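Before any comments, here is the structure.
All of the numbers you see were taken from the coordinates with simple rules; none came from a lab. Since this is a predicted model, take the numbers as computed values, not measurements. For neighbour counting, all protein chains shown are included, and Cβ atoms are generated from backbone atoms with ideal geometry for every residue, glycine included.
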Amino acid sequence: MSTSLTLDPQNWHALEEAFHQALQTGLEHLQSLEEQPVWRPAPEAMKSAFRSPLPTSPKPLEQLLDQFRDQLLPYGNGNTHPRFFGWVHGGGNLYGALGELCAALLNNNLGGRDHIAHQVEHQVLQWSREMFGFPASSSGLLTSGTSMATLIALAVARQSAVGASMKTQGLQGNTSPLVGYCSAQSHNSVLKAFQLLGLGSDALRAVPVSDDFTLDTHALAELITADRLAGATPFCVIATVGTVNTGAIDDITAIREVCYREDLWLHVDAAFGGALALLDEYQDAIGAVQDADSIAFDFHKWFQVPYAVGGLLVKDANTHRATFSERKEYLTTEPMGLSAGAPWFCDFGPELSRGFMALKVWFTFQGVGTERLAGVVRKHCQLATETANIIDASANLERLAPVPMNVVCCRYVPPRLQGEASQQAAYLDALNSAIVTQLQLQGRAAPSTTVLHGCVAIRVAIVNHRTESAHMNDLVSDIQQLGTQIDQCFAFLLQPAQWHLMQGGDARLVVDPDTELNRYGCSPAPRNHAFTFSSSTATSISAPAYQAAEQYRQRLLHDCVKADDLAPLAQHCRDLESNLATTFGFADLNPDLHLSPSGTDSQLHVVAAVTTAIPAKWISIVCGADETGSGTPFSVTGCHFDNTTCLGHTVTKGERLAGMAPIAYKGVPFRDARGRLQTIEEMDNAIEDHVRDAVSQGYNVMLHAMDQSKFGCWAPSPKKLDQLRNDYGQQIQVIIDACQLRIDQEDLSSHLSKGDILLLTGSKFFTGPPFSGVAIFPEEFSRQLLHSGRALPQGLAEYLPKSDLGNWEALLQTATAPPTIGMYLRWKAALEEAQRYYQVPKEKRIEGLDRFSHEVSDLIDSHPQLEPLFEKSSAWWARSDMLGDELGVRRSIFPFLIHHRNGEYLAQDQVRDLYEKLNSDFSADVKFEEKALAAQCCHIGQPVKITGHDTSALRISMGARILSDGWHDGTHDNQHLEEELRQIRIILDKITLCIDRFL
């Protein structure tokens, strides 16, 4: 015996109670709008609640209602709120909401067939004809909005222009291209319609506008004439009643005259301003819409009907029906029965399945009446005029457009910039964009922005029926208050991420205006056209990382503005440190992290901390000293390594920091005086000898171990490092220079657990912007420092601002509070790259690393003028004695020397010239067949001098992006690595071209 299976509830009463509860919750929300923020961003926890897998069994209704109350209602787009002024979003109404509920209970399909719901849509369309003056014989259709209505209308216009063949041959049978015309201020749905209809965006002419932002009819006529002379076929003009930007109303009468004269279809986009048809005082402006061939309008905007419903009216009902009427045998109509009622609505549009959109319109018009709706529209126009008058009378607000209906566009101009607005255009754009963002994030109001005459405008569209004068006055006051606050206190945060990425380092970050590159050969903005394999030096920021940095800049601005102080920067620094520890897998060890602009700055921080925690006679022994930065001998001895610090203080290079204890120095190079690369065993022995000698002379040793150098070498070996720790205990402090970050998480954790201090940067393997360093101290060391009772050297305050001190704040009380936004943004970008990399499954990462390493080394080996520094058989090729099995045990830096064709090495200056030529476009200097290669910019690792020889090596360096850029939302692009290798081949070809042409 079969059991009944339906989706009806087993307990009807419980479901009825759920309906009541949902309704009550929604009504309470709407009644308390004034006490709520206009908008608030949904926290990640709320978003994650909607990422659950497909449910196989039902959830309790109580849980669903809780989600509606707690996770949906508070995080809408805000358009029900009276202080919502963005875009053109209607506020909805409860009568329409009731109609929407009733429509859902009916569950009617209005594509066709004979049922009463069709009569409701016919009535709504008849009301629309009455409002817009269209004849009873015109056809119509309700749609999801004006975007769809315009698409349908232009399809009818196209059919009218081409004829019946349009449906069989399409545009392929048309010898003269169709072109149409719209205002340069028209909605982008018109452009989309041209694209979807196969006309193409080039066929849509953007007609210039007059000073009042209405379509210039003289320019329209000239364009039409020019197109006819060029052999095109003009077929339609789209006029606008209420442009989105300013509410401009095109001169429908004048445009209609042009269309009559030229025999063109006139379509009116009244998505926004259609509700003006309710007002007698606007009949002179819009009365001529009754002469249009078609009109599209939205009920969900100014008519206040809940989303989503728009409408379309077409004068020529026969052509309208002929454009869309297609029947299959299962859609046969009959004179009687359920299949009666022809023509069906599916005969006037592309959809057969259509919801009962008309009922919420019907409920709204019946429940409210057009007099009340007209009163709301009139109120909004009056509020706009009043607001415009207030702006015009203000000393720090500037109105940017006329106010023909309910849109006001203005901008804040600080009094100090009055008369200088044109010279400060970029700053004013950033300031006004920030004001709008702050209004939204703080929940005060939600205007939007647009661009008028090249200026960013604060755009205020008064569309919500709940908006009153008090809300407008509050908005104007809030704009002025935020504008003053941001301009006076946080102007520096208005600079774009690109600017900040150049700050807080040294002159190497400054961009050359001619090349748009810094001294590393890279850019603080995405440089997508360049082939980039320079991660052993520095890399131009990627588009995803730049986006993350720019969003983070705006977050910093918001938090500081909200607090009216720079104090939030300290917490952001702590959050970045925590994020870094989590990303690289050692957060469980509770290390103490201190961000810095560079690895060299971090070295200085470390020696200051070590000599403070453990007063002793100290020496820094630097392993691989010939492959470290030029500032290392200074920083590891507690001296200024440049004449200007990252905070802009003028100092004397080579002079010890104030309060810094003396530190001796010994460098252990990889190469001897003749340029011979020492063996790993020789390096281990030399390091051990120097440590033994230093200790015998009464020194404590800071051993700066090299994890991977500029050429991918290391010293000492892990085994020797363990021996030195065991032999010398408290007399040695190991500092791991892992600034290349070609090291695995297991090894980072191992170093910390053994008491080593780590130096990392985000700008090497993980391809973050240059100048992002961090010093990482083991928990026990940090405890010892904090309990030492001694202050850090006061000269360190010239490098570390107060917000970056963390738990060192009490140890460096002379620190000041200059913000280091650039460093925060650089680390944010680097962490974005690292997280993208680790989203790739490990097996895919290892597979890609192996393939890239193998093929790149083979390509260099086979190049007749390149000589790799390391053979695969060399002990220096890669380590095998690491805990991790990914980055630390694979070669990812491929250095090579370059020969002339006669076999001689290129001199140092020639290698430098070649490096710069690679990264530039010199196509003007070569013959035609070489131009494409010469134009391709190729950025690889900077030249590194080879001791004992008058030459330098270049480097092709593997970076995280060779893998992460090929991984998108859990899908691996198998062709991405092929593209990376193709780029390597082109780089090698360009090296040959450079040698042949210039060297």
- Message: To make sure I understand the rule: partners must be aspartates and glutamates, Cα under 18 Å from the Cα of Lys754, and not fewer than 8 residues away in the same chain. Which ones qualify?
- Response: Asp588, Asp592, Asp707, Asp722, Asp727, Asp737, Asp744, Glu746, Glu779, Glu780, Asp881
- Could you give the angle, 0 to 90 degrees to the nearest 10, between helix 908-918's Cα long axis and the longest principal axis of the Cα atoms of the chain? 10 degrees
- Would you work out which of Phe363, Asn108, Ile860 lies farthest towards the positive end of the dipole of the chain, given +1 charges on the beta-carbon of Lys and Arg and -1 on that of Asp and Glu, about the Cα centre? Ile860
- Using Cα atoms only, what is the angle between the long axis of helix 976-998 and the major principal axis of the chain, expressed in degrees (0 to 90) to the nearest 10? 60 degrees
- Burial-style ranking of 653-660, 268-275, 974-981, average other-beta-carbon count within 10 Å with highest first, yields 268-275, 653-660, 974-981
- At q = 0.09, 0.10, 0.16, 0.20 Å⁻¹, base-10 log of I(q)/I(0) for the stretch 877-999 (Debye sum, equal scatterers on each alpha carbon): -0.33, -0.41, -0.91, -1.16
- Item | Gln126 versus Asn590: modelled label distance in nm, points set 7 Å from Cα along the beta carbon direction | 7.9 nm
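Would you work out the charge dipole size for the stretch 871-930 about its Cα centre, treating the Cβ of every Lys and Arg as +1 and the Cβ of every Asp and Glu as -1, and quote it to the nearest 20 debye?
260 debye
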- Message: Quick check on packing: order 776-788, 619-631, 601-613, 4-16 by the mean number of other C-beta atoms within 10 Å, highest mean leading.
- Response: 601-613, 619-631, 776-788, 4-16
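How large is the charge dipole for the stretch 838-998, taken about the Cα centre, if only the Cβ atoms of Lys, Arg (+1) and Asp, Glu (-1) carry charge, to the nearest 20 debye?
Value, rounded to 20: 220 debye.
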- By what distance, in whole Å, do the Cα atoms of the stretch 555-704 stretch along each of the three principal axes, largest value first? 60, 37, 32
- Query: When the helices in the chain are scored as -39500 (n - 2.57) per DSSP H run of 4 or longer and the sum is shared across all residues, what 222 nm value do you end up with, to the nearest 500 deg cm²/dmol?
  - Reply: -12000 deg cm²/dmol
- Translational diffusion of the stretch 315-361, µm² s⁻¹ [Kirkwood Rh, Cα pairs; Stokes-Einstein; 20 °C; 1.002 mPa s]: 178 µm²/s
- Message: Net charge around Tyr520, counting only other residues with Cβ within less than 14 Å of its Cβ (Lys, Arg = +1; Asp, Glu = -1)?
- Response: +4
- Note on the structure: Binned at 10 Å from zero, the C-alpha pair distances of the chain give percents of 2, 9, 15, 17, 16, 15, 12, 8, 4, 1, 0, 0
- Query: Where does the stretch 720-876 land on Rg(C-alpha)/(2.2 N^0.38 Å)?
  - Reply: 1.34
- Query: Which of rounded, prolate, oblate describes the stretch 497-545, given a ≥ b ≥ c as roots of the alpha-carbon gyration tensor eigenvalues and a/c under 1.5 marking rounded, otherwise prolate only if a/b is larger than b/c?
  - Reply: rounded
- Query: Which FRET efficiency value, to the nearest 0.05, is calculated for Lys653 and Arg228 with the Förster distance at 60 angstrom and r the Cβ-Cβ distance?
  - Reply: 0.25
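How large is the convex hull of the C-alpha atoms of the stretch 372-489 per residue, in Å³? Mind dumping the intermediate values first?
Details: hull volume 11.2 nm³, N = 118.
Measuring per residue, one finds 95 Å³ for the Cα hull of the stretch 372-489.
Which order do the peptides 239-249, 500-510 take when ranked by the mean count of other beta-carbon atoms within 10 Å per residue, highest first?
Packing proxy ranking, top to bottom: 239-249, 500-510.
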- Task: Straight distance only, please: which lysines reach the Cα of Lys301 with their own Cα at less than 29 Å, same-chain residues fewer than 8 apart left out?
- Result: Lys47, Lys192, Lys315, Lys360, Lys379
- Message: Just to be sure I understand the model, the point goes 7 Å from the Cα along the line to the Cβ. What's the resulting Ser339 to Ala791 distance in nm?
- Response: 9.5 nm
- Message: Compute the angle between helix 680-696 and the longest alpha-carbon principal axis of the chain, please, reported from 0 to 90 degrees and rounded to the nearest 10.
- Response: 70 degrees
- Item | Cα pair distances exceeding 18 angstrom across the stretch 142-205, given as percent | 33 percent
- Based on the Cα atoms of the stretch 748-812, what semi-axes does the equivalent ellipsoid have, where each is the square root of 5 times one gyration tensor eigenvalue, given in whole Å with the largest first? 23, 19, 8
- Query: Of Gly795, Trp827, Ile846, which is farthest on the positive side of the dipole of the stretch 787-846, counting Cα position, with +1 on Lys and Arg Cβ, -1 on Asp and Glu Cβ, and the Cα centre as origin?
  - Reply: Ile846
- Simple Cβ-charge dipole of the stretch 549-680, Lys/Arg +1 and Asp/Glu -1, about Cα centre, in debye nearest 20: 580 debye
- So how long is each side of the stretch 1-134 along the principal axes, counting just the alpha-carbon atoms, biggest first, in Å? 54, 53, 27
- Message: List the aspartates and glutamates whose Cα sits under 15 Å from the Cα of Lys844, skipping any in the same chain fewer than 8 residues away.
- Response: Asp885, Glu886, Asp965, Asp969, Asp973, Glu978
- Query: For the stretch 838-998, what relative contact order do you get, as a whole percent, if you take Cα pairs closer than 8 Å and at least 6 residues apart?
  - Reply: 23 percent
- Alpha-carbon Debye profile of the stretch 343-396, log10 I(q)/I(0) at 0.25 Å⁻¹: -0.93
- Message: What whole-number distance in Å separates the alpha-carbon centres of the stretch 349-415 and the stretch 791-819?
- Response: 53 Å
- Message: Binning at 5 angstrom from zero up to the longest distance, how are the C-alpha pair distances of the stretch 591-818 distributed in percent?
- Response: 1, 7, 15, 20, 21, 18, 11, 5, 2, 0
- Query: Regarding the stretch 300-339, what whole-number volume in Å³ per residue does the convex hull of its Cα atoms give?
  - Reply: 158 Å³
